[in-house]
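One structure is given here, and the rest of the page talks about it.
The values are calculated or read from the model by the stated rules, or taken from the named source; none is laboratory data. What you are looking at is a predicted structure, and each value in this text was computed from that prediction instead of being measured. In this analysis, Cβ positions are derived from the backbone assuming ideal geometry, glycine residues included, and neighbour counts consider all displayed protein chains.
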Amino acid sequence: MSRYIVKRLAAAFISMFFLITITFFLMHAIPGGPFSAGERKNLNPKIVEAIRARYGLDQPVWKQYVNYISKLIQGDMGVSYKKTNYTVNELLATGFPVSGQVGILAIVVALILGIPLGIISALKRGSLADMGAMVIATIGISIPTFVIALLLMYVFCMKWPVLPSYGWGGIKYLILPVFCMSLSPMANVTRLTRSSMLEVSRQEYIKTARSKGLPEGVVIFKHMLKNALLPVITYIGPLVAALMTGSFAIERLFMLPGMGRYFVNAVSDRDYTVIMGMTIFYGAFVMLCTLLVDIAYAFIDPRVRITR
Amino acid sequence: MSEHLLEVQNLRTSFVTGGGIVQAVRGVSMYVDRGEFIGIIGESGCGKSVSMLSVLRLLDDNAAVKADRIEFDGIDLQKQTRKSMRKILGRQIGMIFQDPMTSLNPLYTIGNQLTEPLCYHLKISKADARKEALNMLETVGINEPEKRLKQYPHELSGGMRQRAMIAIAMSCRPKLLIADEPTTALDVTIQAQIMELMAELKTKFTTSTILITHDLGVIASVCSRIMVMYGGKIMEQGTAGDIFYRPRHPYTEGLLRSVPGDGSGPKEKLIPIPGSPPDLMNPPAGCPFAARCKKAMKICGLAMPGLVDVAEGHKCACWLLYSRASGNREV
């Protein structure tokens, strides 16, 4: 097992190298730059030249790349070009706790609601409960989060003002963003659990379990659910990475100091160091989550267990 | 109250499907005596598995099962609730399925799946169940039982898995074992071993066994009584000798001719039965085999004959056996 993990980490390292390199050169291939004349019309060209030299942007791209990599190896991701006086490391260190907290709660909510809903609708296929769960799931998938967010704000912050509509501070501030964020993954988890449960319920080994005269609860939770959750776990891996690194729309609407908004702003600002930092962080996170899922898989499913 | 272990009278099972109602079993009556090994034979889709699953109520919710009587060991199975039925399944009646590749749960060890019914039905401790499981694995001829208990189904060969499956079904010493095509998915050499094992266990534990199969070779050596099913009905039933040497129904005759037989040389010809089984969504009014039967008469398409005694314990449902039939040979 440990050999497998080392192998996977080595592979992740190589993927990381490609991710960094490709992102770096693609980013520089886009016309314009953080201090290009188009953005600061009133600035004296000489001053712009001085700023570019200050950040090393006047050098050839390959040299900038070498500089960036050598600094990155030392753990320095540079300073932000637009959020002055902040290093990228600082932005991540302040943004990630917020985004991560909202994200992890959203995942927990999605699983706690989604899995039971999926089980119920699979077991009572065609019933009212099933149809209800499917309606919720379809709404969750099809309505954009910002629409839901605005609706919730209208109801819980204006009509019936019990929750704050923006800011960061306590549990109260978490409720609406977490709910909004969990809706679509919850819908997906419900649908995935349902179809997977239906698939498993048709398997021969379920008939075997019933022919043994086992109580229905054992048949459902021991023999069906464990098998049915395998595809759900596969889905959770990348989902964790996506939710924990923040959502631009949610963080913008609820004014959360998370890292989701930096990501989007950095792209339009051509804030090279922030773009790189966010990409590296997100990429590493996705790789980590996928690795964790694969390890979890090996624990649950003996067929994929690594025997070395 | 009958002396039979299992008695089924006029069993009818239908499924509601998107395309209509499929009448899978249409009036099957049968019985099994204590310690008896009987066989049900027929081609795919003739209702042989469904009739047994109906008796055990293991069918999906879209199945409707009706019968005049289903009695097991003096208990009316139709009157059982789901809960009381579970006390009988696995305890009094064991079941083995066709494909050992899929009939064991891939995520649990053999030991886990084998001790499950023991713990639930016999209420014994985990340690005792484990001891019994080891004992059972040895009985079904699995070597290194200690090691096998900790293994997962995918680590065992097909034959081994089917042995494990038999061990599970037999673990609580059921009075009746229903084996649904237990050898179909296995190699021929393994098939013989499994059949031998089942015959052995039947003698050892005096378990009655119902063997469902479409393989005549499998059924010949072990079954004392055989039922031939076609189109959801029993066409002929009798001892193995009756069915193999004195078949009276054209369908049974056809079945026997379509099997590679006595080794009468490389030139031996297999004679297939032309046509295909009837559509059970619109079953024919008469004999379901009439459309494929060479000896079919006018009446065969109009009405289904009842089972007629042709000899002691040998029954056959064919119009040819009725004395007024023109193509009749004897009787």
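Worth a mention:
- Looking only at residues of region A:207-217 that are at the interface with another protein chain (Cβ under 8 Å from one of its Cβ atoms) and part of a helix (DSSP H, G or I), we find that the one that is nearest to A:L117 (Cα to Cα) is A:E216.
- In the condition set (1) touching a residue at least 24 places away in the same chain (Cβ under 8 Å); (2) not in a loop (DSSP other than H, G, I, E, B), B:E138 is compliant with all but (1).
- Tally, over region A:86-105, of residues that are closer than 17 Å to A:A242 by Cβ and in contact with a Phe, Trp or Tyr (Cβ under 7 Å, 6 or more places away or on another chain): 3
- When residues in region B:225-245 are screened for being touching a Pro at 6+ places or on another chain (Cβ under 8 Å) and of a type in the set (S, T, Y), 1 of them pass.
- Residues that are within 25 Å of A:S15 (Cα to Cα) and outside any helix (DSSP H, G or I), drawn from region A:246-265: A:G246, A:S247, A:M259
Let's see how each residue does on (1) under 30 Å from A:A228 (Cα atoms); (2) crowded, with 16+ Cβ neighbours inside 10 Å; (3) at pLDDT below 95:
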{"residue": "B:K66", "(1), (2), (3)": "no, no, yes"}
{"residue": "B:E71", "(1), (2), (3)": "no, yes, yes"}
{"residue": "B:T81", "(1), (2), (3)": "yes, no, yes"}
{"residue": "B:S84", "(1), (2), (3)": "yes, no, yes"}
{"residue": "B:F97", "(1), (2), (3)": "yes, yes, yes"}
{"residue": "B:P100", "(1), (2), (3)": "yes, yes, yes"}
{"residue": "B:L107", "(1), (2), (3)": "yes, yes, yes"}
{"residue": "B:P117", "(1), (2), (3)": "yes, yes, yes"}
{"residue": "B:K123", "(1), (2), (3)": "yes, no, yes"}
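- Count of region A:266-292 residues which are in a helix (DSSP H, G or I) and buried (at least 18 other Cβ atoms within 10 Å of the Cβ): 17
- Scanning region B:218-244 for residues that are assigned to a helix (DSSP H, G or I) and either touching a Ser or Thr at 6+ places or on another chain (Cβ under 9 Å) or free of Cβ contacts under 8 Å to residues at least 60 places away in the same chain (or both) returns B:V218, B:I219, B:A220, B:S221, B:V222, B:A240, B:G241, B:I243, B:F244.
- Of all the residues in region B:241-255, those that are buried (at least 19 other Cβ atoms within 10 Å of the Cβ) and modelled with pLDDT of 90 or more number 8.
- For region B:42-86, the set of residues classified as under 17 Å from B:T184 (Cβ atoms) and not in a loop (DSSP other than H, G, I, E, B) consists of B:K48, B:S49, B:V50, B:M52, B:L53, listed by residue number.
- Within region B:70-90, considering residues that are within 19 Å of the chain's Cα centre (by Cα) and touching a residue at least 60 places away in the same chain (Cβ under 8 Å), the one farthest from the other protein chains (Cβ to nearest Cβ): B:E71
- Just one of the listed residues (B:L176, B:L137) is under 21 Å from B:G90 (Cβ atoms), surrounded by 21 or more Cβ atoms within 10 Å (Cβ to Cβ) and under 18 Å from the mean Cα position of the chain (by Cα), namely B:L176.
- Residue list for region A:158-184, restricted to those being assigned to a helix (DSSP H, G or I) and touching a residue at least 12 places away in the same chain (Cβ under 8 Å): A:Y173, A:L174, A:I175, A:L176, A:P177, A:V178, A:F179, A:C180, A:M181, A:S182, A:L183, A:S184
- Flag for B:L107 being touching a helix residue (DSSP H, G or I) at 6+ places or on another chain (Cβ under 8 Å), in a loop (DSSP other than H, G, I, E, B) and more than 9 Å from chain A (Cβ to nearest Cβ): no
- Residue in region A:227-245 that is in a helix (DSSP H, G or I), under 30 Å from B:I88 (Cβ atoms) and either within 14 Å of chain B (Cβ to nearest Cβ) or not β-branched (V, I, T) (or both) present: yes
- Exactly one residue out of A:M186, A:M197 is crowded, with 22+ Cβ neighbours inside 10 Å, over 23 Å from the mean Cα position of the chain (by Cα) and either away from chain B (no Cβ under 14 Å) or at pLDDT below 90 (or both), and it is A:M197.
- Meets criteria (modelled with pLDDT under 90, more than 30 Å from A:I233 (Cα to Cα) and within 30 Å of the chain's Cα centre (by Cα)) for A:D76: yes
- Against the test of being away from chain A (no Cβ under 12 Å) and in a loop (DSSP other than H, G, I, E, B), the options B:G35, B:G39 yield a single qualifying residue, B:G35.
- Subset of region A:223-232 (residues that are crowded, with 16+ Cβ neighbours inside 10 Å and within 26 Å of A:P185 (Cβ to Cβ)): A:M224, A:L225, A:K226, A:N227, A:A228, A:L229, A:L230, A:V232
- Residues in region B:141-155 that are surrounded by fewer than 16 Cβ atoms within 10 Å (Cβ to Cβ), within 14 Å of chain A (Cβ to nearest Cβ) and not in a helix (DSSP H, G or I): B:K150 only.
- Search result, residues across region B:308-324 that are assigned to a loop (DSSP other than H, G, I, E, B) and surrounded by fewer than 17 Cβ atoms within 10 Å (Cβ to Cβ): B:E312, B:G313, B:Y322, B:S323, B:R324
- Test: residue in region B:178-187 that is within 14 Å of chain A (Cβ to nearest Cβ), among the β-branched types (V, I, T), outside any helix (DSSP H, G or I) and within 24 Å of B:R225 (Cα to Cα): yes
- Considering residues of region B:111-135 that are within 17 Å of B:P145 (Cα to Cα) and in contact with a Lys or Arg (Cβ under 7 Å, 6 or more places away or on another chain) only, the residue farthest from the other protein chains (Cβ to nearest Cβ): B:G111
- In this entry, A:M255 passes the filter for residues that are away from chain B (no Cβ under 14 Å) and surrounded by fewer than 18 Cβ atoms within 10 Å (Cβ to Cβ).
- Complete set of residues in region B:1-41 that are closer than 22 Å to B:K202 by Cβ, surrounded by 19 or more Cβ atoms within 10 Å (Cβ to Cβ) and not acidic (D, E): B:L5, B:L6, B:V8, B:M30, B:V32, B:F37, B:I38, B:G39, B:I40, B:I41
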